[in-house]
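S.K.: Sharing a structure, written as structure tokens. Questions coming.
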Amino acid sequence: MAITDIEAARSLDALDAFRSIRDRFSLPEKMIYLDGNSLGALPADTLPRLSAVVAEEWGRGLIGSWNSHDWIGAPQRLGARIAPLIGARANEVIVADSTSVNLFKLIVAALGARPDRTTILSEPGNFPTDLYIAQGIVDMLPGRRLELVPASGVIDAIDEDVAVVVLTHVHYRSGYKHDMAAITAAAHAKGALVIWDLSHSAGAVKIELNAADADLAIGCGYKYLNGGVGAPAFLFVAERLQSELRSPLSGWMGHRAPFAFSDDYAPAPAIDRFLCGTPPIIGMAALERGIATFDGVDLDALFAKGQALCSMFVDLVETRCAEFDFELLTPRSADARGSHVSFAHANAYPICQALIAAGVVPDFRAPDTLRFGFTPLYTSFEDIWSAVDILREIMRTGSWDQQQFHMRARVT
Ligand SMILES: *Cc1c(COP(=O)(O)O)cnc(C)c1O
């Protein structure tokens with residue numbers, strides 16, 4: 001359905017089943033926040049919860065809170081809450097460390113399970129940390145190599161020498177979504193494992209790890225899961241692989257009996273072996289509130305709303321900003337993309353800054369990409385209409401071309 005004015009957008013909001021879910025967040029007034037794919041918004045109960053964790057659990061309970069408030073169970077408890085969002089069983093997901101560190105652990109573990117194979121296969125343009133971590137591992141482990149092939153050639157490039165395929169499910173820049181089941185099946189046919197980076201898909205699109213027979217996955221807590229800046233990350237290991245794979249970061253929390261204080265490492269029998277050190281309890285508490293923003297939500301309907309937001313945004317930019325040379329980088333087909341939309345533009349950086357100054361917050365990805373993330377829990381159809389309206393105004397008046405919008409900060 002084509003939307004031609006703000007009233008039409010408002011009537012879509014009036015029918016939106018998730019309208020009241022927006023109240024689960026504390027969003028700044030008069031800001032249209034389209035960057036929940038990079039840093040999710042603050043849930044309304046995170047601040048009171050953190051204050052209770054610090055004042056009561058830490059301040060009063062002190063060391064006893066490891067047991068009395070089950071701090072020790074946080075990695076598994078939060079993992080079990082993330083599991084339904086990614087189509088996994090509760091005992092296959094834990095929360096620990098950062099996405100980068102979890103990727104390190106799982107790549108090395110996967111290589112260890114395929115000792116006679118040399119290759120880690122990924123795609124050029126994958127998220128930088130994914131490539132850098134793989135490069136670091138190759139430098140550390142003689143005889144292993146990293147091969148990069150474009151997305152369209154990945155399946156053909158999987159051969160008997162590939163130990164592990166490392167792909168980001170939804171590409172951070174283009175929003176392109178890989179066919180998880182097809183790539184996993186192709187890898188299994190050649191005896192390879194696959195690690196899926198779910199950073200840009202968990203909480204944004206339907207993910208069926210078990211149905212796709214997925215092996216391994218990782219993802220961020222601070223993007224669509226709303227866990228707060230630098231939130232701990234999650235990792236998934238299929239049950240059938242848990243006793244076979246070994247974490248290279250053999251810290252005490254992954255030990256079979258951490259409080260036996262024995263001198264020799266022995267990995268925990270199940271997914272707990274992928275823990276390393278003491279869990280960051282304050283960050284865990286914030287992430288738990290972030291995950292709770294999905295409580296009681298019909299995920300299929302939520303993701304359908306995300307797709308409707310994306311489609312409406314693409315249509316509006318292409319019709320209302322047609323003369324301003326935005327080039328769509330994201331697949332048009334809803335099945336082939338995540339919940340963000342990117343446009344390339346020669347002046348993407350100053351346009352992004354001008355949008356932010358006008359109260360619309362997307363982000364910029366070097367060298368030329370404007371990225372707009374749609375979080376169906378709190379983005380409204382009116383937000384989409386207004387964002388495009390403001391973009392059109394900035395382009396029409398040329399107001400983006402002011403000196404202050406060209407100045408680059410450390411984080412762009
Ligand atoms: C955001 C993101 C990361 C971030 O990793 P950190 O260790 O949290 O910095 C990793 N991979 C992908 C694909 C991402 O989008």
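Just so it is clear, none of the values below were taken in a lab; they were calculated from the coordinates. On a predicted model such as this, the values are computed, not experimentally measured, just so you know. Cβ atoms come from the backbone with ideal geometry, glycine included; neighbour counts cover every protein chain shown.
S.K.: Would you be able to tell me the number of residues in the range 324-351 that are aliphatic (A, V, I, L, M) and without any contact (Cβ under 8 Å) to a residue 24 or more places away in the chain?
M.R.: Adding up the residues that qualify gives 3.
S.K.: Considering only residues that are part of a helix (DSSP H, G or I) and surrounded by 13 or more Cβ atoms within 10 Å (Cβ to Cβ), look in the range 235-255 and name the one that is farthest from the ligand (Cβ to nearest atom).
M.R.: Filtering first and then ranking leaves Glu239.
S.K.: Can you tell me how many residues within the range 275-317 are outside any helix (DSSP H, G or I) and of a type in the set (A, V, I, L, M, F, W, C)?
M.R.: 4
S.K.: Restricting the range 65-102 to residues that are within 16 Å of the ligand (Cβ to nearest atom) and surrounded by fewer than 22 Cβ atoms within 10 Å (Cβ to Cβ), which is farthest from the chain's Cα centre (by Cα)?
M.R.: Val101
S.K.: Would you point out which residue out of Pro232, Pro258 is within 15 Å of the ligand (Cβ to nearest atom), over 17 Å from Gly338 (Cα atoms) and either free of Cβ contacts under 8 Å to residues at least 12 places away in the same chain or within 19 Å of the chain's Cα centre (by Cα) (or both)?
M.R.: Pro232
S.K.: Taking helices (runs of 4 or more DSSP H) that do not extend beyond the range 29-134, which have at least 2 residues that are closer than 25 Å to Gly203 by Cβ?
M.R.: Where helices (runs of 4 or more DSSP H) fall fully within the range 29-134 and carry at least 2 residues being closer than 25 Å to Gly203 by Cβ, they are 46-52, 74-82, 99-113.
S.K.: Could you check Pro48 against (1) more than 16 Å from the ligand (Cβ to nearest atom); (2) surrounded by 18 or more Cβ atoms within 10 Å (Cβ to Cβ); (3) under 26 Å from the mean Cα position of the chain (by Cα) and say which number it fails?
M.R.: The number of the failed condition is (2).
To keep it simple, each residue is scored yes or no on (1) under 30 Å from Leu50 (Cβ atoms); (2) away from the ligand (no atom under 16 Å from the Cβ); (3) part of a loop (DSSP other than H, G, I, E, B); (4) in contact (Cβ under 8 Å) with a residue 60 or more places away in the chain.
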| position | (1), (2), (3), (4) |
| --- | --- |
| Gly191 | no, yes, yes, yes |
| Ile195 | no, no, no, yes |
| Ser199 | yes, no, yes, yes |
| Ala204 | yes, no, yes, yes |
| Glu208 | no, yes, yes, yes |
| Ile218 | yes, no, no, yes |
| Gly228 | yes, no, yes, yes |
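S.K.: Moving to a separate point now. Give the residues of the range 121-175 that are of a type in the set (A, V, I, L, M, F, W, C), under 25 Å from Asn37 (Cβ atoms) and touching a Phe, Trp or Tyr at 6+ places or on another chain (Cβ under 8 Å), sorted by residue number.
M.R.: Hits for the range 121-175 are Phe127, Ile133, Ala151, Leu167, Val170.
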